[in-house]
Amino acid sequence: MVWSKKGDGNFHASDYFNYIDDTYGQLRIEESFGDQFDLSPYRQEKGKRLDEPEWEDYLFTCEKDHADETAKLLTEIYFKEAELWEDGCLKCLVKDEEGETLFSYFWWDVTRELQKQEKEITDQTVYAYILQELEN
């Protein structure tokens, strides 16, 4: 596998899932989108935070009437991750306008839930699942 120059020299590039506490995954996903989406405004700082055992890579705010746009973006991220990493690696948190958590996205959780529902993994099923989670 050929890694782009943003990943060059990163000793864990091929096994990123075990090193999710740095920014490598964020850089790879942003690079893979190119000019299609700019995720940098949503990027969260990574690093050891003593007061928080877990943290997200991206934080999105979902406006009440725009859940479909957020679901489309998360669907795009889902399939980009599938291209880059076998088991995904990014954690995205979606909050409403009041700051309440609507949905916590992790590639494997979406995949596992669709498998439990015995649904084929397609653009439509992933989008429908994410949209449903955002609207509940």
Inset, instruction - Could you give me the residue pairs with C-beta distances under 9 Å whose first residue belongs to segment 105-119 and is assigned to a loop (DSSP other than H, G, I, E, B), whose second residue is of a type in the set (Gly, Ala, Ser) wherever it lies, and which are 6+ apart or on separate chains? - result: Lys119/Ala128
Legend entry - Search result, residues across segment 80-104 that are open to solvent by 10 Å² or more (accessible area, probe 1.4 Å) and either polar (S, T, N, Q) or touching an Asp or Glu at 6+ places or on another chain (Cβ under 7 Å) (or both): Lys91, Leu93, Glu97, Thr101, Leu102, Phe103, Ser104
Inset, instruction - Collect the residues in segment 60-79 that are outside any helix (DSSP H, G or I) and under 11 Å from the mean Cα position of the chain (by Cα), keeping them in residue-number order. - result: Phe60
Inset, instruction - Inspect all residues belonging to segment 40-48 and state whether any of them is modelled with pLDDT of 85 or more and open to solvent by less than 80 Å² (accessible area, probe 1.4 Å). - result: yes
Inset, instruction - Evaluate segment 120-131: report whether one residue or more is more than 26 Å from Tyr24 (Cβ to Cβ), in contact (Cβ under 8 Å) with a residue 60 or more places away in the chain, part of a helix (DSSP H, G or I) and out of contact with any strand residue (DSSP E or B) (no Cβ under 7 Å at 6 or more places or on another chain). - result: yes
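The values are calculated or read from the model by the stated rules, or taken from the named source; none is laboratory data. As the structure is a computational prediction, the values presented were derived from the model and not from experiment. FYI the Cβ positions are ideal-geometry reconstructions off the backbone, even for glycines, and counts take in every protein chain you see. What goes into the accessible areas is simple: the full protein's heavy atoms, side chains included, and nothing from ligands, DNA or RNA. Shrake-Rupley method; radii C 1.70, N 1.55, O 1.52, S 1.80 Å.
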